[in-house]
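The values are calculated or read from the model by the stated rules, or taken from the named source; none is laboratory data. In this text the structure is predicted, and so the values were computed from the model without any measurement. Neighbour counts are summed over all protein chains in view; Cβ atoms, including those assigned to glycine, are modelled from backbone coordinates with ideal geometry. Please note that ligands, DNA and RNA were not included when accessible areas were found on the heavy atoms of the full protein model with its side chains. Shrake-Rupley method; radii C 1.70, N 1.55, O 1.52, S 1.80 Å.
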Amino acid sequence: MAEEETELSEEQKKEIAKWFLLNAPAGEIQYVAKDLKSVLNDDDVYNEAASEAFPFYNKSHMICLELPGRFGDVLITSYGELQDNEYLDPKTAQVAIVDHVKQVCTEVRPATDEELPSAYIEEYRCALEAEMLKYVGEAYPKGFCSVYCINGKDVEGPGSDFEFVVVISAARLSPQNFCNGSWRSIWNIEFKDDIQILELKGKLQVGAHYFEEGNVQLDAKHECRDSTMFQSPDDSAIAIASVIRHHETEYLASLEASYLNLPDTTFKDLRRKLPVTRTLFPWHNTSQFSLTREISKELGIGK
Amino acid sequence: MEAAMGLMRRMPPRHSETTLSALLSLLPHHSSDLLSQVDLPLQVLCDVDSGKEFILCEYNRDADSYRSPWSNKYHPPLEDAPYPSSELRKLEIEANDIFAIYCDQYYEGGISSVYMWEDDNEGFVACFLIKKDGSKTGHGRRGYLEEGAWDAIHVIEVGPEEEGATRYCLTSTVMLSLTTDDESSGTFSLSGSIRRQMNMNLAVADGHLCNMGKMIEEMEGKLRNSLDQVYFGKTREMVCTLRPPSEVAQMRLPDS
């Protein structure tokens, strides 16, 4: 059962270290990093693994970092990534320069014109952003949201397709209560100019970790699609926000339903609360019981 | 070791085997500590004599062979392997028979195994194991689960008899994972493990099996309950904190 005792190569150690970092639950990568450092006992391997794993983790968890100089916050996502450590905040048209391993934003610079969408696109983007901020503010007590143009940002006017991504990221970290969790939504919205339709694709992911005297994790994922009409910037934005609100509200209700089904249906297929006989097991009668066990067994199965 | 256990506590429970083998390869010198402190989902083998499956653990292992509680034979065969005394083996046989019925009544399927061995202080140790596959392709009667596993490990140290009573120290671990999957709600997956202890002084007159059985039944009930109510409940609370149900959000508006 014991693993071979041969010394691992640096490369193998680094891969293992990355696996630990990337599998850290929401908000726990720094804790995992601390334990990992002491298990590895090799700073070079750790630093190399961290420099590769942290950017990936930060983007996939869509972490939120504070911009220096009261510009607000920036979400770290692959959609806003300009370079390895530069992330666009479309809201403020600022670019955040981040330190991935420390998970802080060190500097901020204004975005260049080439990094921003055309005026035509920006009108749609801004309108959607305003609607989404309103929705996220209402629905998520600690939610952050960004709207990126990922295709056709230089389109100057009607006649061409373009595509936006709305990301919503809400994390709640309360390590003192042994509980962390995150909600991530990614909505792709294709503006199809020729058929005047907006196609929406949503990917929702919810995770929670409770670890007081144990380790229990929720991992839930859902994908959905919908469409709406291509209208003016303001009307499109309202339509998109209402589609997203509808699907996310439904998804939350289905999560609630999954939880409600647990005790009496789902969990029962693992272990019943009471035996099939609906009374506690007759341990006091085992001597008698073992004489008649064949019969009891048949009865037990028969029910 | 402390850091290693910290990592065990944070990595997804469904990857516990990968986590452990990663830790074993990083910390080869702590392998026996790790193996004794980390519980993993149970494995089974089929007893060639009886055709029944039995559960593998550290307590029925010698070298690379495992002793079946049904035939008392090691698989694969092993010379000079340890066996319980004939008196303890008698209790072990009885325990296996009764525990199989207990397992059937609570789990509606599943595999159970009980192993016993003498310890150094005139008492003995018993290990009760249950493995249940509750998925719809396994033993899930209701067919709700895409994937569902429950593994329970109960180790009871039974002390020597003193004035008609004996001390029982029970350590129980339950590991479980369940996944439901349907088009309208996507995949919903919960997994976790918890471990608890319980000590009792009980009269020997009732018999060891009765005493141990009652403790295990009570403990399993508690563990199931706390997983269901407390642990799953906490993750549910977290979901509602992240995005409160709309009724709550609406109720807040008049207040603010």
statement: When every residue in the stretch A:169-185 that is in contact (Cβ under 8 Å) with a residue 40 or more places away in the chain and more than 9 Å from every other protein chain (Cβ to nearest Cβ) is compared, the one surrounded by the fewest Cβ atoms within 10 Å (Cβ to Cβ) is A:Pro175
- line: Taking first residues from the stretch A:126-145 that are of a type in the set (Val, Ile, Thr) and second residues anywhere that are at pLDDT 95 or above, the pairs with Cβ under 9 Å that are 6 or more apart or on different chains are A:Val136/A:Gly143; A:Val136/A:Phe144; A:Val136/A:Cys145; A:Val136/A:Ile168; A:Val136/A:Ala170
Failed criterion for B:Leu24 (all others in (1) without any contact (Cβ under 8 Å) to a residue 12 or more places away in the chain; (2) within 17 Å of A:Ile29 (Cα to Cα); (3) open to solvent by less than 20 Å² (accessible area, probe 1.4 Å) hold): (2)
field: Residue check for B:Gly134: within 12 Å of chain A (Cβ to nearest Cβ) and buried (at least 23 other Cβ atoms within 10 Å of the Cβ)
entry: yes
query: Looking at the stretch A:8-93, what helices (runs of 4 or more DSSP H) fall wholly within it and have at least 1 residues that are in contact with a Pro (Cβ under 8 Å, 6 or more places away or on another chain) and either modelled with pLDDT under 95 or within 30 Å of A:Ala208 (Cβ to Cβ) (or both)?
result: A:29-40
Odd one out for B:Ser185 among (1) over 24 Å from A:Val216 (Cβ atoms); (2) within 9 Å of chain A (Cβ to nearest Cβ): (1)
query: Checking B:Cys46 against (1) touching a His at 6+ places or on another chain (Cβ under 9 Å); (2) at pLDDT 95 or above; (3) surrounded by 20 or more Cβ atoms within 10 Å (Cβ to Cβ), which test does it fail?
result: (3)
message: Only one of A:Asp73, A:Asp113, A:Asp89 is exposed (fewer than 15 other Cβ atoms within 10 Å of the Cβ) and of a type outside the set (Ser, Thr, Tyr). Can you tell me which?
response: A:Asp113
statement: In the set B:Val125, B:Val155, B:Val114, the lone residue that is touching a Phe, Trp or Tyr at 6+ places or on another chain (Cβ under 7 Å), more than 14 Å from chain A (Cβ to nearest Cβ) and of a type in the set (Val, Ile, Thr) is B:Val125
field: Number of the condition not met by A:Gln231 [criteria: (1) in a loop (DSSP other than H, G, I, E, B); (2) at pLDDT below 95]
entry: (2)
field: Enumeration of residues in the stretch A:138-149 that are more than 13 Å from the chain's Cα centre (by Cα) and open to solvent by 60 Å² or more (accessible area, probe 1.4 Å)
entry: A:Glu138, A:Pro141, A:Lys142
- line: Per the list (1) more than 8 Å from chain A (Cβ to nearest Cβ); (2) closer than 21 Å to B:Cys210 by Cβ; (3) crowded, with 21+ Cβ neighbours inside 10 Å, residue check on B:Glu87 breaks on (3)
statement: Result of the Cβ filter at 6 Å on the stretch B:29-42, keeping first residues that are within 9 Å of chain A (Cβ to nearest Cβ) and partners that are in a loop (DSSP other than H, G, I, E, B) and aliphatic (A, V, I, L, M), at least 6 apart or interchain, is B:Ser31/A:Ala2
task: State whether one or more residues within the stretch A:195-216 are touching a Leu at 6+ places or on another chain (Cβ under 7 Å) and open to solvent by 50 Å² or more (accessible area, probe 1.4 Å).
output: no
